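Chemist: Once you've had a glance at the structure underneath, I'll fire off some questions.
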Amino acid sequence: MKVTAVETTPVVVTLPQPIGSALGQITCFGCILVTLRTDAGITGENLVFTLNDRRTKVLRQMVDDLADVVMGRDAGHIAGFWARAWKDINFLGHKGVPVVGISAIDGALWDALGKAAGLPLYRLLGGAQDRVPAYHSGGLWLSRSVDELVAEARSFLDQGFRAMKMRLGKPDPAEDAARVRAVRDAIGPHVALMADANQGQTEAQAIRLGRMIEEFRLTWFEEPLPAWDLDGLARVAAALDTPIASGETEYTRYGFRRMLELRSADILMPDLQRVGGVSEFMRVGHMAESHDVAVSSHLFPETSIQVLGALSNAIYLEYMPWFSPLYTEKLEFVDGDAVVPERPGWGFSFDWDRIRHLQNQ
C-alpha cells in the first residue's frame, strides 16, 4: 500500500460565542484537514489547527512540504516516515510548526493502516481499555460569572459527566478560590473537578493559589506556569498536595523525558499535534508508564480516544467538542466514560458536506 497523495484542506471553525482564559480570547480555529491517499484506495484522515486562525497558512505549508517525505512510500512503514521526517526538520528545529507537520501526516498514516487492517487504532496499538473516563472541558471559562459557572457545571452533570474542568486566572487569587468553591458546592464532593491556570501564574503565585484551593480536593491543578519553566513547575509540584497536570505544550519524547526527570508533573498531558502524532504519543505514554505516571489527553477527543484506549496508564479523556461538527460520527458516552469506537482507524471520518458548508459561509 503506497502513498499516492497528501492533500490539505483549510476550514475555519467559529465558536458560537468567544471564550476567555488566561491565554486570552478565543473566537475561532483555523483547521487543516489532511487526506492521505494510497494506491489501495484506502484513505487516511487527520486534523491539526491554529487558534484564532493565526498562522494557518504557515502550518498548511509545513504539511504540504513534508508530503515529499512520504510520497511513494509504504503507508504501513510509519516509524520509517517519522524517522525521515525528524531528520528532515533538523535545520528548522524539533519543536513548533515542524513537529505539528509531522503529527498531521503521522495521524493520517495510522488512520489508513487501521482501515487496511480492519481494526480500530487502540486494538492495533495493543489495546488496554475500551472505555476511558471523560471530563467536560468545553465550558467553565474564566470569562463566565459565578452564576454562569454554577449553571454550566450543573448542566454538565445533567449530561451525564462525572468530571469537569474550570479555568483560573483572576487578578486576585481569592476570587479564583471563591469561584472554585462555588463550582465544588454546586457539583458536590464526589464529582471530579480539575482547574486550569493556562500558564498564567508565576511560581510564587501558583504555590499561593494552589494552597488556597487544596481544600476543594481538585483532581489536578493544570499548567500553572509557562510551559518552558519545567524547573519552576517541579518546585510547584513539590510544594502542593494537589496533583499537577501539564505537558499539552510540550514537544516529543525528549520534552516529556525532561519533565519526568524533574518530576514536573504528576499527570502528563500530551497533545496529539504537538507531541508528534500517534507514534510519539504512544512513546510518551509508555515512557510515563515506566515511571508510574498517569497520562491524560489534550483536545482532539475523537482521535485521542484511540491512543488513550491503547494505554493502561491513561486516566482521562479531555472532552472539548470544538471540532466535533467536522465529523460524521459522534463520540459515545456511557456513565461518564467515553467509549472507544470499534470502527477501523480513528473510527471517525470527515463530514465533507458540513465542511463545504463552513467553507462557503
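The values are calculated or read from the model by the stated rules, or taken from the named source; none is laboratory data. For clarity, every value in this text was computed on a predicted model and none was experimentally measured. We place every Cβ from the backbone using ideal geometry, glycine too, and count neighbours over all the protein chains shown. These area figures cover heavy atoms from the full protein model, side chains too; ligands, DNA and RNA do not enter into them. Shrake-Rupley method; radii C 1.70, N 1.55, O 1.52, S 1.80 Å.
Chemist: Amide H of residue 244: which non-local residues (sequence gap of 5 or more, or other chain) have their own amide H closer than 5 Å, using H built in the peptide plane?
Modeler: For residue 244, the qualifying residues are 221, 266, 267.
Chemist: Another one. Order 109-120, 87-98, 36-47 from most to least packed using the mean count of other Cβ atoms within 10 Å. If you can, show how the numbers build up before the last one.
Modeler: Numbers: 109-120: 22.1, 87-98: 14.2, 36-47: 19.5.
My ranking of the peptides, most packed first, is 109-120, 36-47, 87-98.
Chemist: Once each part is reduced to its C-alpha centroid, what is the distance from segment 130-174 to segment 21-69 in angstrom?
Modeler: Computed from Cα coordinates, the inter-centre distance equals 28 Å.
Chemist: Same structure, new question: Tell me, rounded to the nearest percent, the portion of alpha carbon pairs in the chain spaced more than 37 Å apart.
Modeler: 15
Chemist: Report in % the part of the accessible area of the chain that belongs to carbon and sulfur, leaving out ligands and nucleic acids; probe 1.4 Å. Intermediate values should be presented prior to the final figure.
Modeler: Working: 7180 of 14570 Å².
Roughly 49 percent of what the probe reaches on the chain is carbon or sulfur.
Chemist: Could you work out the Rg to Rh ratio of segment 111-176, with Rh taken as the Kirkwood radius (inverse of the mean 1/r over all Cα pairs)? Write down the numbers at each step before the final one.
Modeler: Working: Rg = 18.5 Å, Rh = 14.9 Å.
Reported Rg/Rh (Cα atoms, Kirkwood Rh): 1.24.
Chemist: DSSP beta bridges in the chain, what fraction antiparallel, as a percent rounded to 5?
Modeler: 60
Chemist: In whole Å, largest first, what are the principal axis extents of the Cα atoms in segment 244-361?
Modeler: So the three principal-axis extents are 48, 31, 24 Å.
Chemist: Oh, and also: In square nanometres and to one decimal, what's the mean projected area of the convex hull around the Cα atoms of segment 177-268?
Modeler: Numbers: hull surface 22.0 nm².
That works out to 5.5 nm².
Chemist: A follow-up question, please. If the cut-off is 14 Å between C-alpha atoms, which aspartates and glutamates fall inside it for residue 95, apart from same-chain ones fewer than 8 positions away?
Modeler: In chain and number order, the partners are 248, 250, 271, 280.
Chemist: Where does the chain land at 222 nm, in deg cm²/dmol rounded to the nearest 500, when only DSSP H runs of n ≥ 4 count, each adding -39500 (n - 2.57), divided by all residues?
Modeler: -12000 deg cm²/dmol
Chemist: Here is a follow-up. Helix 230-239 versus the longest principal axis of the chain: what angle, 0 to 90°, nearest 10, using Cα atoms?
Modeler: 40
Chemist: Would you please put 195-203, 52-60 in order of how densely packed they are, using the mean number of other Cβ atoms within 10 angstrom per residue and starting with the highest?
Modeler: Sorting 195-203, 52-60 by mean packing, highest first, produces 195-203, 52-60.
Chemist: Measuring with a 1.4 Å probe in the full set of protein chains, what accessible area per residue, in whole Å², belongs to the chain?
Modeler: Normalised by residue count, the accessible surface of the chain is 40 Å².
Chemist: Then there is this: Using a simple charge model, +1 on the beta-carbon of Lys and Arg, -1 on the beta-carbon of Asp and Glu, nothing else, what dipole does the chain show about its Cα centre, in debye to the nearest 20?
Modeler: Dipole of the chain, to the nearest 20 debye: 460 debye.
Chemist: Putting +1 on Lys and Arg Cβ atoms and -1 on Asp and Glu Cβ atoms, find which of 67, 52, 155 reaches farthest to the positive end of the dipole of segment 29-161.
Modeler: So the residue furthest toward the plus end is 67.
Chemist: Hey, what angle do you get for helix 56-66 against the long axis of the chain, alpha-carbon based, 0 to 90 degrees rounded to 10?
Modeler: The two axes meet at around 40 degrees.
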